[in-house]
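None of the figures in this text is laboratory data; all of them are computed from the coordinates on show. Just so we're clear, the structure is a prediction, and the values are computed from it rather than from any experiment. FYI the Cβ positions are ideal-geometry reconstructions off the backbone, even for glycines, and counts take in every protein chain you see.
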Amino acid sequence: MPIYSYSFRDASGGVQKGTADSESEDTLRKRFEEQGFTILEVKMIRSRGTRQKNYGRVKLGNLAVFCRQFSTMVDAGVSLVRCLDVLGAQTQDPKLKKILSDIGERVESGESLSRAMQRHPRTFSSLFIGLVRAGEIGGVLEESLQRLAQFLEKDVELRRKVKSALTYPVLVVVFATGIVGFLVYWFVPQWATILNDLGLKGDQLPASTQFLIDVANLMKNQSWVIVIALVTVFVSHKLFVSTRFGRRVMDRVKLKVPVFGKLHHKVCMARFSRTMGTLLTSGVPILQAMETVSGVVGNTIMSDAILEARARIREGDRIGDPLEASRLFPPMVVHMIGVGEESGSLDYMLQKIADFYEAEVEASLASLTAALEPILIVGLGFAVGFIVVSMFMPLVQVISQLSSGQDEEGKGGDE
């Protein structure tokens, strides 16, 4: 019997975690729901008597292509086993090839498609498995796969837009850091030697020049200190965000940070609306849909708000009220969800909300990129200019002193 790890919120609001044996994930969920618990997560650890295989992650783009081809073949009446064999032979991704081979063997032995996919949690998310299971139960697997392909394609497109928009600023930052690092590491020590030969050192140097020389000496003679400091900061950050408290702190910062916070919030809203709308369109119950969405929205603060709304809905509240109370969902979103709930077209409204926020993300990225380009270029010019001016200031002082000395000697000779 499979073994699952779980976490749920009890009646007092406390979070309980543990492991349990169960015939399936649905059975375990129903067991907890009957006891009045709010389920936060249920995840298969291993299947007793069988070894869990791990082939790694598969790119979303490859999964989207697989879903599109799979839905076409299922719609044409090809058997599941034959579909999996053909798609496994055609795919160029070695990880996906092994996964499809394993799923095909399990389906051929009598296991359901969703259950076979559930054995590869790093590849198939709870959203993926939920849609496949809904298609199996409703007898519309090809429609579920089509919706899943559309969802993955939209998600891939959104990620691509974000990455492409941030690629140029990141390259400029890396380029600027390399230039500044080269100047400080190589140029400043060479120039400091020249200034030392001219008899300029210590208190005779301007503060900015001495600062650069000190930084250059630190980079050249004690680079291990910088490396240890960077590694310590990186490891500390990883350990901090690996905890629930740290992850919540970082996710709250992501929502509050200027400029980028609004962009992150829009991305989360687009993901929430698109995922929720896709699940509801596929016939997934709203409580199960909200639980699935909470795991893929990409921010623990919003995830907790969705789970809190789910608990309120179970008690009979309307969908929009708890979302509005969280203050994370804009009035426009809450209003459209309320209209969709009253008119029975909630899935359609959520898709419209997703379209709106995806367009907002694209517009925000365009304006952000346009604003960052001149800022980064000016910042690079300022950094390089600061180094050049700081290193040449002592030389200007020497030239000025020599000129004034010559002028005094000339006046003395005239007398």
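Just to confirm a number: summing +1 for Lys and Arg and -1 for Asp and Glu over residues other than Ile306 whose beta-carbon lies under 12 angstrom from that of Ile306, what do you get? Write out the running numbers ahead of the final one.
On the way: positive: Arg271, Arg310, Arg312; negative: Glu291, Asp304, Glu308.
Result for the local shell: 0.
Mean sequence separation of contacting Cα pairs (under 8 Å, at least six apart), scaled by the length of the chain, corresponds to a relative contact order of 14 percent. The lysines within cross-link reach of Lys97, meaning a Cα-to-Cα straight distance under 21 Å and a gap of 8 or more places when in the same chain, are Lys53, Lys59.
Under a model in which nothing but the beta-carbon of Lys, Arg (+1) and Asp, Glu (-1) is charged, the chain shows a dipole of about 1520 debye around its Cα centre. State whether segment 200-299 is rounded, prolate or oblate according to the following rule on the C-alpha gyration tensor (a ≥ b ≥ c being the square roots of its eigenvalues): a/c under 1.5 gives rounded; otherwise a/b larger than b/c gives prolate, and the remaining case gives oblate. Prolate, since a/c reaches 1.5 and a/b exceeds b/c. With each label modelled as a point 7 angstrom along the Cα→C-beta vector, the Arg122-His237 pair spans 2.4 nm.
Length gained on full extension, Ala363 to Arg82: 96.8 nm, using 0.36 nm per residue less the C-alpha separation. Helices meeting the span-like rule in the chain (full DSSP H runs, Cα extent of at least 30 Å along the helix axis, mean Kyte-Doolittle score of 0.5 or higher): 346-414.
The computed Cα Rg over 2.2 N^0.38 Å for the structure shown corresponds, within (i) 0.98; (ii) 1.40; (iii) 1.05, to (ii). When the chain is treated as a Gaussian network with alpha carbon springs shorter than 10 Å, the biggest mean-square fluctuation among Phe382, Phe260, Phe329 belongs to Phe382. The Cα atoms of segment 60-124 give a gyration tensor whose axes a ≥ b ≥ c have a/c under 1.5, which makes the shape rounded. The trypsin sites (Lys or Arg not before Pro) of segment 106-211 that DSSP puts in a loop, and whose beta carbon has at most 12 other beta carbons within 10 Å, are Arg122.
The trypsin sites (Lys or Arg not before Pro) of segment 251-324 that DSSP puts in a loop, and whose beta carbon has at most 16 other beta carbons within 10 Å, are Arg318. From the Cα gyration tensor of segment 320-366, with a ≥ b ≥ c the square roots of its eigenvalues, which class applies: rounded if a/c is under 1.5, or else prolate if a/b is larger than b/c, or else oblate? It is oblate, given that a/c is not under 1.5 and a/b is not larger than b/c.
With the simple spin-label model, which puts each label point 7 Å out from Cα in the Cβ direction, the Gln90 to Lys161 separation comes to 2.9 nm.
Label-to-label distance for Glu315 and Val384 is 6.2 nm, based on points extended 7 Å past Cα in the beta-carbon direction.
Round to the nearest 0.05 the FRET efficiency obtained for Tyr348 and Leu230 when R0 = 51 Å and r is the Cβ-Cβ distance.
Working: r = 50 Å, r/R0 = 0.98.
Given R0 = 51 Å and the Cβ-Cβ separation, E is 0.55.
In segment 299-379, which GluC sites (Glu not before Pro) are in a loop and have at most 14 other Cβ atoms within 10 Å, using DSSP for the loop call? Please report the intermediate quantities before stating the final value.
Values: sites: Glu308, Glu315, Glu324, Glu341, Glu342, Glu358, Glu360, Glu362; in loops: Glu315.
Passing both the DSSP loop test and the Cβ count: Glu315.
Segment Arg31..Asp75, full-extension length gain: 12.3 nm, with 0.36 nm per residue of separation and the alpha-carbon distance subtracted.
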